[in-house]
């Protein structure tokens, strides 16, 4: 009678279910190869995203520099309309009293780092031979912005001509 109970307890369908369940759960797991492939794909996406982010930061700093040189050029024109000459005095152009000479640092909104150095040169008018007064505003990359190899300098002169170097088309 004891053997019949033992034989009776061995159910072939429940044994098959146990094997199927083990195989099912084994298939739910992730192999090392699959995990490494996922990590490699994630690393590639991260590298692409980081380089794109960095290039966008450099472009944003370019915009700050362009705005700064255009604002300085406008201040020079205002000064010229009042005094019939240009100047290279920051205080005469309305900058803070703490700024005593050019170059002036172009910083981000937080003001913690300088990305461009802003400078102005001017020539007074001459009478013989006649030459009108003129100025040139230049922004030169500094600090981490020197990694921007396309747009190292921006210039605007008193005639409104905008130039950049080394690339003449990608910056303005």
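Every number here is computed from the coordinates shown, using simple stated rules; none is lab data. All values reported here derive from a predicted model rather than from experimental measurement. Virtual Cβ from ideal backbone geometry, glycine too; neighbours counted across all protein chains shown.
Residue ranges 48-61, 149-162 sort as 149-162, 48-61 when ordered by packing (mean number of other C-beta atoms within 10 Å per residue, highest first). Take the Cα radius of gyration of the range 36-172 and divide it by 2.2 N^0.38 Å, N being the number of residues; the result is 1.35.
With a Förster radius of 25 Å, plug the Cβ-Cβ distance of residue 168 and residue 59 into 1/(1 + (r/R0)^6) and report the FRET value to the nearest 0.05. Here the calculated transfer efficiency is 0.90.
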